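Student: Would you mind keeping the following structure in view while I ask a few things?
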Amino acid sequence: DTGVSQDPRHKITKRGQNVTFRCDPISEHNRLYWYRQTLGQGPEFLTYFQNEAQLEKSRLLSDRFSAERPKGSFSTLEIQRTEQGDSAMYLCASSSGGTSGLIYEQYFGPGTRLTVT
Amino acid sequence: EDQVTQSPEALRLQEGESSSLNCSYTVSGLRGLFWYRQDPGKGPEFLFTLYSAGEEKEKERLKATLTKKESFLHITAPKPEDSATYLCAVQAKNAGNNRKLIWGLGTSLAVNP
């Protein structure tokens, strides 16, 4: 098992451009989370998938953000019309879990660092 | 409002000098409390999960404890490689927050040789 992987590791884009990030979770994990983290802050929850279903999305997230997890495997996070405030580390995590809603330990990828110029 | 507060923000220790990090939480019912370690430029690494007051877990030089209002991460005889940011996160029973973790800002620990 190679753990959670994310691609790309770094992305520099100009304001107004669209960007897409990919996350490959641990293969047997059915839950997948996206977070955003800025310097000196804890991870900020963005969205959560159980298998292919997106069960939760942060109310703070604008309509410019969208995520998919086709077939319950890898996931993509797209940011449209990027703004300078979108500059951050985008983290993906995966975990196992059933239908009880209890959160289990999450395994994080290395993150994608986005810089919007 | 569900909230997690970690203290101190930063801590500098000499190698071998034991200490404790604090995570206090205000949530409408606790389902679980998590400790993670994060090295610069990397994703957080899972350390412990605690579910009920009185529970304790240990791993090498680290020991996590839980009460009804807070958790402590005790570091015994730390080494320079323990230098990292330690993050605390909570899953609440609140219907609006029960599918996601609420994170603290972390404690940045530096251990000098």
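Student: Assuming 0.692 mPa s and 37 °C, estimate D for chain B with Stokes-Einstein, Rh taken as the Kirkwood radius over Cα pairs, in µm²/s.
Tutor: This corresponds to a translational diffusion coefficient of 233 µm²/s.
Student: Next question, about the same structure. What share of the DSSP beta bridges in chain A is antiparallel, in percent to the nearest 5?
Tutor: Counting DSSP beta bridges with both partners in chain A, the antiparallel share is about 90 percent.
Student: Can you give the Rg to Rh ratio of the stretch A:1-66, both from alpha-carbon atoms, with Rh computed by the Kirkwood formula?
Tutor: 0.97
Student: May I ask you to derive the FRET efficiency for B:SER18 and B:LYS68 from their Cβ-Cβ distance with R0 = 22 Å, giving the value to the nearest 0.05?
Tutor: The pair B:SER18/B:LYS68 has a calculated efficiency of 0.35.
Student: If you don't mind, another one. Rounded to the nearest 20 debye, what is the charge dipole size of the stretch A:67-117 about its Cα centre when +1 sits on each Lys and Arg Cβ and -1 on each Asp and Glu Cβ?
Tutor: It comes to approximately 120 debye.
Student: Show me, bin by bin at 10 Å from 0, the whole-percent P(r) of chain A based on Cα pairs.
Tutor: Each 10 Å bin holds this share of Cα pairs: 14, 49, 30, 6, 0.
Student: Would you kindly state how much longer the chain becomes between A:LEU61 and A:ARG113 on full extension, computed as 0.36 nm times their sequence separation minus their alpha carbon distance, in nm to one decimal?
Tutor: Full extension from A:LEU61 to A:ARG113 adds 16.9 nm.
Student: Can you spot the aspartates and glutamates whose alpha carbon is less than 18 Å from B:LYS93's alpha carbon? Ignore those fewer than 8 places along the same chain.
Tutor: A:GLU56, A:GLU105, B:GLU1, B:ASP2, B:GLU70
Student: In the neighborhood of A:GLY16, defined by Cβ-to-Cβ distances under 12 Å, what is the net charge if each Lys or Arg adds +1 and each Asp or Glu adds -1?
Tutor: So the environment of A:GLY16 carries a net charge of +2.
Student: Something else: From the P(r) of the protein assembly as shown, can you give the percent of Cα pairs sitting at distances over 21 Å?
Tutor: 56 percent
Student: Oh, and also: Got the relative contact order for chain B handy, in percent, Cα pairs under 8 Å and 6 or more residues apart?
Tutor: In percent, rounded to a whole number, it is 37.
Student: In debye, nearest 20: dipole of the stretch B:35-113 around its Cα centre with unit charges on the Cβ of K, R (+) and D, E (-)?
Tutor: 320 debye
Student: Hey, if you put +1 on the Cβ of every Lys and Arg and -1 on every Asp and Glu Cβ in the protein assembly as shown, which of B:THR26, A:THR112, A:SER94 ends up farthest toward the positive end of that dipole?
Tutor: A:THR112
We did not get these values from a lab; they are worked out from the coordinates using the rules stated. For clarity, every value in this text was computed on a predicted model and none was experimentally measured. Here the Cβ is made from the backbone with ideal geometry for all residues, glycine too, and neighbour counts use every protein chain on show.
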